[in-house]
1. Please state which one of 53, 97, 42, 76 is more than 16 Å from residue 112 (Cα to Cα) and modelled with pLDDT under 95.
2. State the number of residues belonging to the range 38-96 that are in contact with a Pro (Cβ under 7 Å, 6 or more places away or on another chain), farther than 16 Å from residue 128 by Cα and among the charged types (D, E, K, R).
3. Collect the residues in the range 27-68 that are more than 23 Å from residue 110 (Cα to Cα), loosely packed, with under 15 Cβ neighbours inside 10 Å and either polar (S, T, N, Q) or over 11 Å from the mean Cα position of the chain (by Cα) (or both), keeping them in residue-number order.
4. Can you report the number of residues in the range 83-114 which are farther than 21 Å from residue 54 by Cα and not in a loop (DSSP other than H, G, I, E, B)?
5. Do we find a residue being in contact (Cβ under 8 Å) with a residue 60 or more places away in the chain and under 17 Å from residue 39 (Cβ atoms) anywhere in the range 57-69?
6. Can you confirm whether residue 88 is within 17 Å of residue 137 (Cβ to Cβ) and in contact with a helix residue (DSSP H, G or I) (Cβ under 6 Å, 6 or more places away or on another chain)?
7. So, of the residues in the range 113-142 that are over 15 Å from residue 78 (Cα atoms) and free of Cβ contacts under 8 Å to residues at least 12 places away in the same chain, which turns out to be surrounded by the fewest Cβ atoms within 10 Å (Cβ to Cβ)?
8. Of everything in the range 91-123, what is in contact with a strand residue (DSSP E or B) (Cβ under 8 Å, 6 or more places away or on another chain) and not hydroxyl-bearing (Ser, Thr, Tyr)? Give them in sequence order.
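The values are calculated or read from the model by the stated rules, or taken from the named source; none is laboratory data. Just so you know, these numbers come straight off a predicted model, no measurement behind them. Backbone-built Cβ (ideal geometry, glycine too); neighbour counts: all protein chains shown.
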Amino acid sequence: MTSLRLLCILVAASLLAPVPLALAADPLVKAPEPVTISHGKKVQLSDYLVPGKTTVFDFYSENCPTCKAMAPGVRKLHEARGDIAVVFVDINRPGAKGIDWDSPVSIQYNLPSTPQFKVYGPDGKLKAEGKPAFAMVSGWLD
């Protein structure tokens, strides 16, 4: 009887335990708000694709006027469209002045300007990047 009682206590304790942060912030599930990743570090976009959703990666810098102007619309796109997940990719390393073109993530993706978009389909395959992706996202914002 003691073993059964101990087992019941352990089961109850596990049900009441807080959810680990890793599970709460699962990048494979669309969050209520866009997720921000990188902060200048290299990143594998495939780690942040949301299965079954069109995933838009928005490479931006806080020092980019166009990025700042588009950000509210891109956020609303994420919130309003259940089929689209937005992931912001901050290209600036902490403390960087201006747009951080020398950051590891800027070099990794050979960014010619900001904002830059990469759009992946629900199947995880790249649908558009560069000017076609910018046109696609801009069209969704209208």
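1. Details: 53 fails: modelled with pLDDT under 95; 42 fails: modelled with pLDDT under 95; 76 fails: modelled with pLDDT under 95.
Checking each option against the conditions leaves just 97.
2. Qualifying residue count for the region: 4.
3. Those that are more than 23 Å from residue 110 (Cα to Cα), loosely packed, with under 15 Cβ neighbours inside 10 Å and either polar (S, T, N, Q) or over 11 Å from the mean Cα position of the chain (by Cα) (or both): 32, 51, 52.
4. Matching residues across the range 83-114 total 5.
5. For the range 57-69, residues in contact (Cβ under 8 Å) with a residue 60 or more places away in the chain and under 17 Å from residue 39 (Cβ atoms): present.
6. Taking the combined requirement at face value, the residue does not satisfy it.
7. 125
8. Within the range 91-123, 91, 105, 111, 115, 116, 117, 118, 119, 121, 122 meet the criteria.
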